[in-house]
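Read through the structure below, which is laid out as C-alpha cells, and then see the notes.
The values are calculated or read from the model by the stated rules, or taken from the named source; none is laboratory data. Because the structure is predicted, anything quoted here is derived from the model rather than measured. Note that each Cβ is placed from the backbone with ideal geometry, even for glycine, and that neighbours are counted across all protein chains shown.
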C-alpha cells in the first residue's frame with residue numbers, strides 16, 4: 001500500500017519504507033508552486049496520487065496552485081475546479 005506524507009516543502013509517496021515518489025513545492029504568499037514531480041516506478045499512478053495530495057493541501061490552506069513542472073500542468077488541465085495560475 002502506498003502512503004502519502006506531506007512535509008513543509010515536499011510530498012512523499014512511500015511503500016514498505018521505500019520512497020516511490022516525490023513532489024517538490026514552494027510556498028510564497030498565497031501561491032503554491034509545484035516545482036517537480038517524480039514517480040520512481042512508472043505506470044502505477046504515483047504521480048497522480050502525489051498531485052491529488054498537493055491539490056488537497058493547497059485547498060486546505062487556500063493556496064493558488066502554480067504548476068511549474070509539466071506533469072503538474074497536465075494533471076491540472078484535467079481538474080478545472082482547482083484554482084491555478086500559469087504566470
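Table for the structure above
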{"quantity": "Inter-residue pairs, beta-carbon under 9 Å, first more than 15 Å from residue 59 (Cβ to Cβ) and in the stretch 70-84, second in a loop (DSSP other than H, G, I, E, B) and modelled with pLDDT under 95, 6+ apart", "calculated": "73/86"}
{"quantity": "Qualifying positions in the stretch 70-79 - buried (at least 21 other Cβ atoms within 10 Å of the Cβ) and farther than 17 Å from residue 31 by Cα", "calculated": "75"}
{"quantity": "Looking only at the stretch 33-52, and only at residues there that are crowded, with 20+ Cβ neighbours inside 10 Å and closer than 12 Å to residue 65 by Cβ, the one that is farthest from the chain's Cα centre (by Cα)", "calculated": "34"}
{"quantity": "Residues (within 13 Å of the chain's Cα centre (by Cα), without any contact (Cβ under 8 Å) to a residue 24 or more places away in the chain and outside any loop (DSSP other than H, G, I, E, B)) located in the stretch 1-32", "calculated": "5, 10, 12, 24, 26"}
{"quantity": "Any hit, the stretch 55-69, residues being in a loop (DSSP other than H, G, I, E, B), surrounded by 15 or more Cβ atoms within 10 Å (Cβ to Cβ) and touching a helix residue (DSSP H, G or I) at 6+ places or on another chain (Cβ under 9 Å)", "calculated": "yes"}
